[in-house]
1. Tabulate in residue order the Karplus-calculated ³J(HN,Hα) for segment 59-71, using 6.51 cos²θ - 1.76 cosθ + 1.60 with θ = phi - 60°, rounded to whole Hz; enter x for Gly and Pro.
2. Working from Cα positions, state the angle (0 to 90°, nearest 10) between the long axis of helix 3-15 and the longest principal axis of the chain.
3. Apply the Karplus curve 6.51 cos²θ - 1.76 cosθ + 1.60, θ = phi - 60°, to the phi angles in segment 104-117 and return the couplings in whole Hz, x for Gly and Pro.
4. Tilt of helix 48-57 relative to the longest C-alpha principal axis of the chain, in degrees (0 to 90, nearest 10)?
5. Is there a quick way to get the dipole size of segment 3-111? I mean about its Cα centre, with the Cβ of Lys and Arg at +1 and of Asp and Glu at -1; what is the value in debye to the nearest 20?
6. Below 8 Å, C-alpha to C-alpha, sequence gap of six or more: please give me the relative contact order for the chain in percent.
7. Return the ratio Rg/(2.2 N^0.38 Å) for the chain, where Rg is computed over Cα atoms only.
8. Would you mind checking which residues have amide H under 5 Å from Thr99's amide H? H placed 1.01 Å from N; only 5 or more apart, or other chain.
Amino acid sequence: MATSSRNRHVLEQMFGADSFQSPEFEYELRADDFVAEIPQSGERFESREALRAMQEGFGDPPTIQLKRITGEGDTWVVEAIQTYGDASIFHVCALVEFTDGKISRETRYYAPPLAADRPRVPAE
């Protein structure tokens, strides 16, 4: 399988329909020197072990509705909507980098839905 196809398949497994996988399953998809960052909260996970520990302590994981995967080679973007047990919803954009077929870096941005404060109608 070509690099782009293989990497896309990994992301589809993690974020696709019925995608919830155990933290252990995701752990195996990540490189030994994996790093994840969530800039909005300032969180940084400097190993796949650290991210797995956070996931295992989280409780009920969110459901994920995949919107789009785009990229090529070792650099990808995933857009999704996550819904949590308390019904809170977040739009997610994940920048994902691969090294030797494993996820080596993720940067995730989360945003709640937001209503437009005024109609956004193009001028004619």
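We did not get these values from a lab; they are worked out from the coordinates using the rules stated. Here the structure is a predicted model, which is why all the values come from computation and not from measurement. Every residue, glycine as well, gets a Cβ built from its backbone with ideal geometry; the counts of neighbours run over all protein chains shown.
1. Here the 3J(HN,Hα) series is x, 5, x, x, 8, 10, 10, 5, 9, 6, 10, 9, x Hz.
2. 70
3. Taking θ as phi minus 60°, the curve returns 9, 8, 9, 10, 10, 10, 10, 9, x, x, 9, 7, 5, 7 Hz for segment 104-117.
4. Compared with the principal axis, the helix lies near 60 degrees.
5. The dipole of segment 3-111 has a size of about 320 debye.
6. Over the chain, the number comes to 24 percent.
7. Values: Rg = 15.8 Å, N = 124, 2.2 N^0.38 = 13.7 Å.
Dividing the Cα Rg of the chain by 2.2 N^0.38 Å gives 1.15.
8. Under 5 Å from the amide H of Thr99: Ser104.
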